[in-house]
Amino acid sequence: MASTDLEAAFSTSSGPVHVRAPGRVNLIGEHIDYCGLSVFPMALRQGVRIAFQPRADRETRLVNRDPRFAPSTFPISERVPPGPDGDWSNYGRAAAQALAQRFPDLRGVDALVESDLPIAAGLSSSSALVVAMALAILHANGVSMAPLELMDLLARGERYVGTAGGGMDQSIILGAQAGCASRIDFHPLRLTPTTVPADWQFLVAWSLVHAEKSGAARQAYNERPRQADEARRLVAARLGLPEDTTYPALLAAAPVARLLELAGTTLSGVLSKRFRHVVTEGARVRQAEAAMARGDLAAFGLLLDASHQSLRDDYEVSHPDLDQLVALAREAGAVGARLTGAGFGGSIVALCPAGRAAEVMTALRERFYAPRGAAADVERYVFAAEPSGGAAVVRA
Ligand code: GLA
């Protein structure tokens, strides 16, 4: 079905229901959710919106208003056949399969998708689509699920696309509170909001480098959880602890300095660096949350800088253009900046006093986007992040 057919069908019906799922920007705690360590993201105003109608059969039809993404049809079932590798519809298929495994008799939906999130920019456009589709299917079938259970189901369900991700994105997209960032703890899953001070402004800037987690960046991404896990096992063994000792348990068993010392003598150079990122980033999350709670802008900024260095040098997930954006934002008056999301391209997040945000954005436009011939679209690439609420079903 072409986009225009579905749009016409919706405009003549009694009015479809919409679901909106925001993107997210992770403030700190990068590449550690899959290690079971806490992270600290917030939801964005920008997101994915789906207008949908229930169907009487099990067919699910996805149409995207963006013509770059071809329409796709699949049956909702416990084994949804995948679309071509890297195809956008795989995120919708992931949601459908995860729900069908939990609720066997679901009917399909006709769904019209639109988004104002930059795609493959480290802002979780993919998980926003998974969450939006899941809410559309649940609503169309009159089924509800406890939010924490749904977050967990969709985090596992999204692995359908072949990425060994953690649970941060689905959790914040569903559980965010407007005006707040949230610390997310795993095992058990829990969200704890902290109000973002009114005089703080987080900025997001896209590097113009696509980081497609279900495409080229997948292998590089998936290698990180494997390495972090191997490092964990070896350090646990060295401490005489069981092989399945988790990162939180390791951190409870010994101080960070001791763990790093052991890692230095036990692990290969690469694994030792990966391990150092994970345990130091874990510590930065708590410090950042506390800094936000007491309104300590400078302290939060320093933690962002330290996180970027660690992601660049130890976890090796940065990109020269991200490093340049970080440096430019800092020179222009941001108190701290770092890559956000999985890296390998994507975006940075920078923190500045609200009064200096315009100045920093102008500097990025002149010194990063203009030389690349991208100044005309700069509003889409650099924006002030508004801490927004989580995904919701809304009537048209
Ligand atoms: C992706 C994954 C998340 C998380 C981040 C890196 O967004 O989906 O689970 O691992 O990368 O922090």
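Can you tell me which residue in the stretch 119-148 is nearest to L189 (Cα to Cα), limited to those that are touching a strand residue (DSSP E or B) at 6+ places or on another chain (Cβ under 7 Å) and within 13 Å of the ligand (Cβ to nearest atom)?
The extreme case among them is V131.
Please count how many residues of the stretch 300-323 are within 13 Å of the ligand (Cβ to nearest atom), touching a residue at least 60 places away in the same chain (Cβ under 8 Å) and either at positive phi or assigned to a loop (DSSP other than H, G, I, E, B) (or both).
So the answer is 2.
Taking S310 as the residue in question, decide whether it is small (G, A, S) and in contact with a His (Cβ under 7 Å, 6 or more places away or on another chain). Give the derivation first.
Values: small (G, A, S): yes; in contact with a His (Cβ under 7 Å, 6 or more places away or on another chain): yes.
Yes, satisfied.
Going by what's in this entry, would W200 be described as away from the ligand (no atom under 14 Å from the Cβ), of a type in the set (F, W, Y) and surrounded by fewer than 23 Cβ atoms within 10 Å (Cβ to Cβ)? Write out each step before concluding.
Details: away from the ligand (no atom under 14 Å from the Cβ): yes; of a type in the set (F, W, Y): yes; surrounded by fewer than 23 Cβ atoms within 10 Å (Cβ to Cβ): yes.
Against the criterion (away from the ligand (no atom under 14 Å from the Cβ), of a type in the set (F, W, Y) and surrounded by fewer than 23 Cβ atoms within 10 Å (Cβ to Cβ)), W200 qualifies.
Determine whether the stretch 324-346 contains at least one residue that is away from the ligand (no atom under 16 Å from the Cβ), open to solvent by 10 Å² or more (accessible area, probe 1.4 Å) and within 20 Å of the chain's Cα centre (by Cα).
For the stretch 324-346, residues away from the ligand (no atom under 16 Å from the Cβ), open to solvent by 10 Å² or more (accessible area, probe 1.4 Å) and within 20 Å of the chain's Cα centre (by Cα): present.
What's the number of the condition Q219 fails, among (1) at pLDDT below 95; (2) open to solvent by 30 Å² or more (accessible area, probe 1.4 Å); (3) not in a helix (DSSP H, G or I)?
Result: Q219 passes all but (3).
Suppose the filter is over 18 Å from the mean Cα position of the chain (by Cα), open to solvent by less than 30 Å² (accessible area, probe 1.4 Å) and more than 22 Å from G29 (Cα to Cα); does A100 pass it? Walk me through how you get there before you give the answer.
Working: over 18 Å from the mean Cα position of the chain (by Cα): yes; open to solvent by less than 30 Å² (accessible area, probe 1.4 Å): yes; more than 22 Å from G29 (Cα to Cα): yes.
Considered against the rule, which asks whether it is over 18 Å from the mean Cα position of the chain (by Cα), open to solvent by less than 30 Å² (accessible area, probe 1.4 Å) and more than 22 Å from G29 (Cα to Cα), A100 comes out as yes.
For the stretch 198-216, what are the residues that are under 19 Å from L325 (Cα atoms), modelled with pLDDT of 90 or more and of a type outside the set (S, T, N, Q)?
Initially, the stretch 198-216 is screened for residues under 19 Å from L325 (Cα atoms), giving 201-211.
Filter again for modelled with pLDDT of 90 or more, leaving 201-210.
F202, L203, V204, A205, W206, L208, V209, H210, listed by residue number.
The values are calculated or read from the model by the stated rules, or taken from the named source; none is laboratory data. Just so you know, these numbers come straight off a predicted model, no measurement behind them. Here Cβ is always computed from backbone atoms with ideal geometry, including for glycine, and neighbour counts include all displayed protein chains. Protein only, heavy atoms only, side chains kept; ligands, DNA and RNA dropped before computing areas. Shrake-Rupley method; radii C 1.70, N 1.55, O 1.52, S 1.80 Å.
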